[in-house]
Structures are given as structure tokens and as C-alpha cells.
Amino acid sequence: GAAAGFFFLERTFHAKQKRSKKISKEIETIFNKYAQDAKSGVKLMSLDDLTRLMGGMPEEKIKALCQLVALNNGGYLTLEQFNDLHELLSRPDAEYRIAFMVADRDGNGFITKKEFQDVIVNNLPPKARKFNW
């Protein structure tokens, strides 16, 4: 059904994120302007760099976005990951994809009942967290 199709699309999206992509000169220029750190000769964009770039967006939201595309870089984005983030945010369905990626904690393209519960409970006010599942 529709749900199975959605999960397939999400798994496809995650798989595509792992492939190398052509990066536009515009994205590369923006990255190079704001990325202030480097490790082993590779330029990296920190959370502070991204916060400066994204202006008024709360740091909590920026940090969550970074974690979606840069789980293994200690909070830093490579140029490729910055490109992935840009592509994700440029999609018309970005909010839905981001919500799905937040809930899909293990990145396997599926949301388990436990993952769903964790997201719901962690976003409820403390008094409402005693929901009977």
C-alpha cells in the first residue's frame, strides 16, 4: 500500500545519500565561505559555522539537522554532507522527510513502534508523557 511505498522511498533516499553527487559551484562557494575548521586537510563546517550561515534558526534545530546528515563527524559537516543537507532542505517535502529521518533512529528506512514511541514521548510536555501505549 501507500505506507509500503513511502518506506521504499525513504530507503531509496537513504541509499542515495551515500552516493557521491555533483556539487554546484554555488554550494561549494557558500561552504568555503562559512566552514572555518579543517581536519587532515579536509575543510569542515562546525555547528557554529552553520548557525552563522542559517541566521535566525534556533541552534537546537540546526544541531538536529546536522545529526541527520553527519552522524559520524563529531558534529562537523564535510562539503558533501553540507550538499546533502542543502538538497534535503530544498525539497518541497523537507519537513516530512526530516520528521521521518528523526524517527528512523537506526537509518534502516523503517520506523519501529519503539522509535515512534521515543519520538512522541520525547516531544511531549512532561505531564503528558505517561501515555498508555
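The values are calculated or read from the model by the stated rules, or taken from the named source; none is laboratory data. These numbers come from a predicted model, not from an experiment. Please note: Cβ atoms are built from the backbone with ideal geometry, for glycine as well, and neighbour counts cover all protein chains shown. The protein model used for the area step is the full one, side chains on, heavy atoms only, and it has no ligands, DNA or RNA in it. Shrake-Rupley method; radii C 1.70, N 1.55, O 1.52, S 1.80 Å.
Residue under question is VAL69, and the condition is that it be at pLDDT below 80, under 12 Å from the mean Cα position of the chain (by Cα) and open to solvent by less than 30 Å² (accessible area, probe 1.4 Å); does it hold? For VAL69, the condition - at pLDDT below 80, under 12 Å from the mean Cα position of the chain (by Cα) and open to solvent by less than 30 Å² (accessible area, probe 1.4 Å) - is met.
Working carefully through the options GLU87, GLU59, GLU80, find the one that is modelled with pLDDT of 80 or more, of a type outside the set (Lys, Arg) and open to solvent by 80 Å² or more (accessible area, probe 1.4 Å). Step by step, each of GLU87, GLU59, GLU80 is checked, and only GLU80 is modelled with pLDDT of 80 or more, of a type outside the set (Lys, Arg) and open to solvent by 80 Å² or more (accessible area, probe 1.4 Å). Among the numbered conditions (1) assigned by the TED database to the domain that holds ASN122; (2) open to solvent by 70 Å² or more (accessible area, probe 1.4 Å), the only one that ARG52 does not meet is (1).
Among the candidates ALA64, ALA38, the residue that is surrounded by 12 or more Cβ atoms within 10 Å (Cβ to Cβ) and among the small types (Gly, Ala, Ser) is uniquely ALA64.
Residue check: is ARG105 of a type in the set (D, E, K, R), open to solvent by less than 100 Å² (accessible area, probe 1.4 Å) and modelled with pLDDT under 80? Considered against the rule, which asks whether it is of a type in the set (D, E, K, R), open to solvent by less than 100 Å² (accessible area, probe 1.4 Å) and modelled with pLDDT under 80, ARG105 comes out as no. For the range 90-102, a residue qualifies if it is touching a helix residue (DSSP H, G or I) at 6+ places or on another chain (Cβ under 9 Å), open to solvent by 30 Å² or more (accessible area, probe 1.4 Å) and charged (D, E, K, R), and exactly one does: ARG91.
Would you check if there is a residue in the range 11-33 being at pLDDT below 85 and buried (at least 17 other Cβ atoms within 10 Å of the Cβ)? Yes, there is a match, as at least one residue in the range 11-33 is at pLDDT below 85 and buried (at least 17 other Cβ atoms within 10 Å of the Cβ).
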